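Bear in mind these aren't lab numbers, they're just calculated from the coordinates by the rules spelled out. Remember, predicted model here, so these are calculated numbers, not experimental data. Cβ placement follows ideal geometry from the backbone for every residue including glycine, while neighbour counts extend to all protein chains displayed.
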Ligand code: SAH
């Protein structure tokens, strides 16, 4: 017998069992997680586990984050639909796709060329047309298109790089894991007219943000 996975059912279960009970309540975010085909972004031999409650290896020593972590970071950005979003660490492109369903345009920077190319082709194949990806050191942001209403960093940083605050619109939000190379605190920065307001959300573990304003290679 050939077992055919009902990915739609698995996505619905992921939302009900992993996201809603842990406090993901933004209706648009939940709808996006029900729609975006996470199994298309994971290595083919790991597809069966694409909707499980943990991160997965992507190749090149990188990982696609646990669904809940992607949802939590996304919800923190409080996207309404009209934003231009900067993402650092394209990886598989899964988080990029989620952001693309919730905003006007996503600018995503990835330092590993092989990952960027793969993500770009997956996203194009699935029909996302409001995403731009570039291969570069994302610790410098993407100055040409700044300012952004939202910035999301999906690799762990030793500090909050000044570049991101500078490239954030006043009223905008930045979410970034800050800490050591092995564990971080998910940190939300809100840029207000009179300065940045920083809140620490929870512990997390991301691969290191490697670059000029991050960790050295
Ligand atoms: N959001 C991704 C997670 C990828 S893991 C996903 O859902 O699949 C973190 C990614 O950050 C890796 O792909 C890594 O190569 C990338 N990265 C690390 N340092 C970077 C930098 N300075 N600029 C851009 N990307 C970086």
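Going by how many other Cβ atoms sit within 10 Å of their own, how do 101, 170 line up, fewest first?
Values: 101 19, 170 11.
Exposure proxy ranking, most exposed first: 170, 101.
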So how tilted is helix 67-76 from the main axis of the chain? Cα-based, degrees 0 to 90, rounded to 10. 40
Rounded to the nearest 10 degrees, what's the angle between the helix 113-125 long axis and the longest principal axis of the chain, both from Cα atoms, 0 to 90? 60
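What ranking do 76, 202 get, fewest neighbouring Cβ atoms within 10 angstrom at the top? Before the final figure, lay out each step's value.
Values: 76 21, 202 11.
Ranked by crowding around the Cβ, least crowded first: 202, 76.
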Give, in nm to one decimal, the length gained when the segment between residue 145 and residue 181 is fully stretched (0.36 nm per residue of separation minus the Cα-Cα distance). 10.0 nm
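What translational diffusion coefficient, in µm²/s and rounded to a whole number, does the Stokes-Einstein relation yield for the chain at 20 °C and a viscosity of 1.002 mPa s, taking the hydrodynamic radius as the Kirkwood radius over Cα pairs?
Details: Rh = 17.3 Å.
Estimated via Stokes-Einstein, D reaches 124 µm²/s.
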So, in nm, how far is label residue 198 from label residue 215 when the simple model puts each one 7 Å beyond its Cα toward the Cβ? 2.0
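Quick one: which of 148-158, 126-136 comes out on top by average Cβ neighbours within 10 Å, and what's the full order, highest first?
Values: 148-158: 24.6, 126-136: 14.7.
Packing proxy ranking, top to bottom: 148-158, 126-136.
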GNM result for the chain, Cα springs below 10 Å: residue of 16, 38, 173 fluctuating most strongly: 16
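What's the extension gain from residue 132 to residue 37 if we count 0.36 nm per residue and subtract their Cα-Cα distance? Intermediate values should be presented prior to the final figure.
Details: separation 95, 0.36 × 95 = 34.20 nm, distance 1.92 nm.
Contour length minus Cα-Cα distance gives 32.3 nm.
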When 64, 165 are ordered from fewest to most other Cβ atoms inside 10 Å of their Cβ, what list results? 165, 64
